[in-house]
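Below you'll find the structure, written out as C-alpha cells, and then a few comments.
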Amino acid sequence: MPYWWRAAPLTELPQTPVAPRSDVVIVGAGYTGLSAAITLARAGRSVQVFDKQKPGEGASSRNGGITSGSLRPNLAQMTTRFGAARALAIQAEAKAAREDLYRFIAAEKIDCDFKLVGRFYGALAPGDYDRMAREADWLGTTLGIEAHAVPRAEQRQFLGTDFYLGGSVRMDIGGLHPAKLHAAMLRLAIEAGAILHGETTVRGITQDGDDYEVVTARGTVHARDVIVSTNGYSDASDRWLRRRLVPVRSRIIATAPISANLMGALMPRRMMCGETRELHYYYRPSPDGTRILFGGRDGTIAGEPDWPTQSLRTALADIFPELGDVEIDHSWYGYVAMNRDMVPRIFSRAGKRYAAGYCGSGVVWARWAGAKAALQVLGDSAGASALDFQAPGYVPLVAGKAWFMPAVFAWMQRKDRATLKQRRRNGIGPAG
Ligand SMILES: Cc1cc2nc3c(=O)[nH]c(=O)nc-3n(C[C@H](O)[C@H](O)[C@H](O)COP(=O)(O)OP(=O)(O)OC[C@H]3O[C@@H](n4cnc5c(N)ncnc54)[C@H](O)[C@@H]3O)c2cc1C
C-alpha cells in the first residue's frame, strides 16, 4: 500500500447512473482528467469522468509528490530537436506550470502539505557537475529561477552524503502530499458539477456524426468532445494510444521513522532530491519529516516486489550508509508514461484530445496539460501550449507491455556501474 494512502485513502464514490448525454466525456480521473473536469465544469459544460479503478488509483496518488515539472531532454537536446525558440518556450511553460500549481493550491486553500523547499540534484560524474552548473546559470539569467551549483566541498550543507561529486540546487521545486492533492481536486471537480464514475471502464470510443459514442461498462454516452487522460494506464480500449505510450513501473520505498537527529544530518534542508544517474533515483523526506521516501525505476514488468524493493534499499544505503539497516515500511509501484521523444504533450486524433507522456513528472505537467486540453475544447485561446505537438511516434509494445524494459534497465545499470568504477579508479568518491 502506498504510504500516502495512510493519510489520504482512496475515495469510494457512490455509483450514480451513467447519463446518456453530456458535453464532454473524460477518460481517466488522475490529475489530468480532474484538472480538465474542473476547468470544463466551471465553464458550464456538462462533464462525465470515467475511471476503471478508484479515482486516483493510477499514478496520481502514488507518486513522489516532487513538483519538478522536469523535462527529460536537456536544453541542448531540445534545441537540436525543436529549434531554440520552441525549446525556450517549453522551458518557459514548465516555469509557468509550476507557478500555476502553487497558485492553484493557495487559491483553492488545498491542504496537501506543500512546501517550496527547493531541490538538490546530485552529480554522478565530473562532467555532470559542469553541465549542471551551466544549466543553473542559464535558469537564473534566462528564466529568473533561483538556482546555483553546489561544489562537492559544500554538498553536506544540503545533503548528508559524499556519494555525489557536487550538484545543483533550484528553489522553484518543492514537495507535496500527492494523494491529498488528488483528493482535493476530486472534491473540486464534483463541487463544480462534474459527474465522476469510479470503477467504470471505458471500453471504446467511436465517432457518430458530430458526436462521439463512448461505450462504458455501465452504459453508453454521447458526447460532443472527448479528452483521453489515461497516461501510463492506457489500455486496449484505445490501441492506437497504447502503441504510443510506454508504461514504465516506478517504485517507491518508505523507511520506518528515523530520529530527528539522523534526519537533520541526512537532509538538513529537507529538500527534494534527484540525481544524474541513468537509472536516476528521486527521494525526499515525508511531509512530517520522519521518514525518507526513496524512488526509482522498478525494472520489472511482472513478478514479486522483493527484488526491486531490495534494489532500492541498496541504492538508498549507497547514498546514506547510515540507513543500511533501516526498516522499510512500505514499497509500492505505479506506471509512468514515456514516449519516443520524452516530451509531455497535448495532441488530437479524429477530434479526440489527449494529454499524456509526462515521463515521470506529472505532478506539475498533468494538471497543467489537463487544463490546457479543456481550454482547447472550450475554444479558448489560453489553451495554446508549447506542448501542442503531433501524436508521439509508434513504439513496438507487445499487448501494451514494455517487454524491452528489463533489458533497458540492465543497460542503464551497467552504464552507471561503469561510471562508478571509473570514479573509483580516479580516486574520486565512494564506490556506490
Ligand atoms: C511511483 C511514482 C512516482 C512518481 N513521482 C513523481 C514525482 O515525484 N513528481 C512528479 O511530477 N511526477 C511523479 N510521478 C508521475 C505522476 O504521478 C504522473 O505523471 C501523473 O500522476 C499522471 O497523471 P494522469 O492523470 O495523467 O494519469 P494517472 O493518474 O495515471 O491516471 C490515469 C487513469 O486512467 C484510468 N484509465 C485507464 N484506462 C481506462 C479506461 N479504459 N477506462 C477508464 N479509466 C481508465 C486509470 O485507471 C488511471 O486511474 C510518479 C509516478 C509514479 C508511478
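For the stretch 330-346, which positions are open to solvent by 10 Å² or more (accessible area, probe 1.4 Å), aliphatic (A, V, I, L, M) and more than 12 Å from the ligand (Cβ to nearest atom)?
Matches in the stretch 330-346: 342 only.
From 76, 107, 43, 29, grab the single residue that is farther than 16 Å from residue 361 by Cβ and within 16 Å of the ligand (Cβ to nearest atom).
Unique residue meeting the criteria: 29.
Out of everything in the stretch 185-207 that is outside any strand (DSSP E or B) and away from the ligand (no atom under 13 Å from the Cβ), what residue ends up being surrounded by the fewest Cβ atoms within 10 Å (Cβ to Cβ)?
The residue in question is 191.
Please note which strands (runs of 3 or more DSSP E) are completely contained in the stretch 208-268 and include at least 3 residues that are within 16 Å of the ligand (Cβ to nearest atom) and of a type in the set (A, V, I, L, M).
So the answer is 219-228, 246-255.
Kindly indicate which of 386, 356, 371 is within 15 Å of the ligand (Cβ to nearest atom), open to solvent by less than 20 Å² (accessible area, probe 1.4 Å) and touching a residue at least 12 places away in the same chain (Cβ under 8 Å).
The unique qualifying residue is 356.
The conditions are (1) under 26 Å from residue 32 (Cβ atoms); (2) at pLDDT 90 or above, and residue 416 fails exactly one of them. Which is it?
Unmet for residue 416, out of (1) under 26 Å from residue 32 (Cβ atoms); (2) at pLDDT 90 or above: (1).
Only one of these conditions is not met by residue 305: (1) in contact with a Gly (Cβ under 9 Å, 6 or more places away or on another chain); (2) free of Cβ contacts under 8 Å to residues at least 60 places away in the same chain; (3) open to solvent by 20 Å² or more (accessible area, probe 1.4 Å). Which number is it?
Against the list (1) in contact with a Gly (Cβ under 9 Å, 6 or more places away or on another chain); (2) free of Cβ contacts under 8 Å to residues at least 60 places away in the same chain; (3) open to solvent by 20 Å² or more (accessible area, probe 1.4 Å), residue 305 comes up short only on (1).
So if I check each of 298, 288, which one is surrounded by fewer than 16 Cβ atoms within 10 Å (Cβ to Cβ) and within 22 Å of the chain's Cα centre (by Cα)?
Selected residue: 288, the only one of 298, 288 that is surrounded by fewer than 16 Cβ atoms within 10 Å (Cβ to Cβ) and within 22 Å of the chain's Cα centre (by Cα).
Taking the condition open to solvent by less than 10 Å² (accessible area, probe 1.4 Å) and either more than 8 Å from the ligand (Cβ to nearest atom) or touching a Leu at 6+ places or on another chain (Cβ under 8 Å) (or both), does residue 17 pass?
no
Which is among the aliphatic types (A, V, I, L, M) and either open to solvent by 30 Å² or more (accessible area, probe 1.4 Å) or closer than 19 Å to residue 110 by Cα (or both), of 43, 87?
From the options 43, 87, the qualifying one is 43.
The values are calculated or read from the model by the stated rules, or taken from the named source; none is laboratory data. The shown structure was predicted, so the numbers you read here are calculated from the model rather than taken from an experiment. Note: ideal-geometry Cβ built from the backbone for every residue, glycine included; neighbour counts use all protein chains shown. Accessible surface is based on the protein model in full, side chains and every heavy atom, while ligands, DNA and RNA are left aside. Shrake-Rupley method; radii C 1.70, N 1.55, O 1.52, S 1.80 Å.
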